[in-house]
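Take a look at the structure set out below.
The values are calculated or read from the model by the stated rules, or taken from the named source; none is laboratory data. Bear in mind that the values here come from a model prediction, so they are computed numbers and not experimental data. Counting neighbours? That spans all protein chains shown, and the Cβs are built from the backbone with ideal geometry, glycine included. When the accessible area is computed, the model is the full protein with side chains, heavy atoms only, and any ligands, DNA or RNA have been set aside. Shrake-Rupley method; radii C 1.70, N 1.55, O 1.52, S 1.80 Å.
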Amino acid sequence: MLAAVGDKIVVRGHHTGQPVREAVILTVEGESGAPPYRVRWSDDGHEGFFFPGSDAVVEHHPAEGS
């Protein structure tokens, strides 16, 4: 998984009824866009490091000025 600052991480729930969680990537700590990522979660504003699992996908957003 590769991502850039400003991309969104979407994590699907493992069980029926579990909410989808979304976070915006604030910094990329790995090399060449690899994890870990420092993110801000949209549901509660919490910031922290995130190591994505198989239930996470990246929604890429074009860089400003593109």
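Put a dot 7 Å past the Cα of Val24, heading toward its Cβ, do the same for Val57, and the two dots end up 2.1 nm apart. Look at the Cα gyration tensor of the chain: its axes a ≥ b ≥ c give a/c of at least 1.5 with a/b over b/c, and that counts as prolate.
Students often check this: by mean Cβ neighbours within 10 Å, which of 55-61, 4-10 ranks highest, and how do the rest follow? Mind dumping the intermediate values first?
On the way: 55-61: 13.6, 4-10: 16.0.
The most tightly packed comes first, giving 4-10, 55-61.
Phi-derived couplings, Karplus 6.51 cos²θ - 1.76 cosθ + 1.60 at θ = phi - 60°, listed residue by residue for the range 31-43: 7, 6, x, 7, x, x, 10, 8, 10, 10, 6, 6, 6 Hz, with x used for Gly and Pro. Structural descriptor for the chain: relative contact order 35 percent, calculated from alpha carbon pairs under 8 angstrom and at least 6 residues apart.
Taking all protein chains into account, the per residue accessible area for the chain stands at 68 Å² (1.4 Å probe).
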